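Notes to accompany the following structure.
The values are calculated or read from the model by the stated rules, or taken from the named source; none is laboratory data. Source: prediction; values computed, not measured. Virtual Cβ from ideal backbone geometry, glycine too; neighbours counted across all protein chains shown. Surface accessibility is based on the protein's heavy atoms, side chains included, excluding ligands, DNA and RNA. Shrake-Rupley method; radii C 1.70, N 1.55, O 1.52, S 1.80 Å.
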Amino acid sequence: MMSQRIALSGLLALALTACSAPSIVLTPRLSRLDIDGNVGVQQGSSLSGKASVDALGIDADSSVIGGRVDIKAGGHWTFSAQRSSHDGSGVADAELSSGSTTINIGDPVTSQLELGLYSGSVTFDLIPTDMIEVGIGLGISALDFNASFRDDLTSQEVKTNEVVPVPHLTGRVAFDAGPLEVSGLVNWIHLSYRDTSATYLDVDTMARLRVLGNSDRVAGHVAIGYRFMNVKADYESDGNAVDVDVDFTGPWIGLSLSF
């Protein structure tokens, strides 16, 4: 709960700072997120191995609903939110354990993994032109990571649930050619403290074509893009050693309204 309050407070502070924005772009979107990587959860302070997402049967989420808001006011502010759910059936190719529950190698499992991503960032232009935007800045993201693995032989479950606020560096590049705009936003950080380490990379690309209106001040656009996220985390939670290295990738499509 404390980490949730810290993350939400950080995002609220960013939003309040940008509330007097003279230019706003709203982009609701629908995306597909493929998932790849490894997950390890074991009782104790060390892992003997990690189970692969493919072996566990965790599949893509083909209907991820999310949204993005871009505000230009003293800097370029971006806020986004989405939540994906990935599940399926497979076989454990590494031991998973928590408390008195152990899923052995070779046991059939039903798996579910959810990722909520809520982020806010601001960048400041290094090249002050209307056509080209290159900026750097800071931001904060809240990662809501939930995973559960049920042994189909015993019906016992191994779970891990964490909400983590992640401050990060942000970079932005954009090219505006009138009716067409192409942009890329990158959030990145690597943190290491005692027995905990984490790396977070989020690359969000977008191309939007104006189809309504004759200016970017009041206009409608069709938008498409591609998103790549990598979450690496090695930590202890409730007496368990947790090691996650997962990629979420996929295209998205949406509509964009600027005013």
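Quick notes on this one:
- Tilt relative to the chain, helix 2-17 - C-alpha long axis, 0 to 90 degrees, to 10: 10
- Relative intensity, log₁₀ I(q)/I(0), of the range 204-259 from a Debye sum that treats every alpha carbon as a point, q = 0.17, 0.26 Å⁻¹: -0.65, -0.95
- Full-extension gain in nm, PHE228 to LEU138, via 0.36 nm per residue minus C-alpha separation: 30.5 nm
- Contact order normalised by residue count of the range 99-231, Cα under 8 Å, 6+ apart, percent: 17
- Dimensions of the chain along the principal axes, based on C-alpha atoms and rounded to the nearest Å, stand at 63, 36, 25, largest first.
- The accessible area of TYR226, taken with all protein chains in place and a 1.4 Å probe, comes to roughly 110 Å².
- Taking the accessible area of the range 78-170, probe 1.4 Å, and keeping the other protein chains in place, the carbon and sulfur fraction comes to 57%.
- With 5 Å bins from 0: P(r) over the range 33-81, alpha-carbon pairs, percent: 5, 15, 14, 12, 11, 11, 12, 10, 7, 3, 0
- Measuring nothing but how far apart in sequence close Cα pairs (under 8 Å, 6+ apart) lie, relative to its length, the range 65-127 scores a relative contact order of 38 percent.
- Estimated FRET transfer efficiency (THR249, THR154; beta-carbon r; R0 35 Å; 0.05): 0.55
- Span from the the range 193-220 Cα centroid across to the the range 110-158 one, whole angstrom: 12
- Cα-based convex hull, the range 148-235, per residue volume (Å³, whole number): 156
- Gained length - ASP36 relative to ILE24, 0.36 nm times residue gap less alpha-carbon distance: 0.9 nm
- Rg/Rh ratio calculated on Cα atoms of the range 84-136 (Kirkwood radius): 1.43
- Residue among SER256, LEU209, ALA219 farthest towards the positive dipole end of the chain, charges placed on Cβ: ALA219
- Entry note, the chain: relative contact order of 20 percent, from Cα contacts under 8 Å with a spacing of 6+ residues.
- Rounded accessible area per residue of the chain, 1.4 Å, Å²: 47
- Extension gain from THR102 to VAL182, taking 0.36 nm per residue of separation minus the Cα-Cα distance: 23.9 nm
- Within straight-line reach of LYS232, meaning a Cα separation under 23 Å, sit the following lysines at least 8 residues removed in sequence or on another chain: LYS50, LYS159.
- Apolar share of the accessible surface for the range 186-231: 65 percent from carbon plus sulfur atoms, 1.4 Å probe.
- P(r) tail, the range 48-127: Cα-Cα pairs separated by more than 21 Å, 52% of all pairs.
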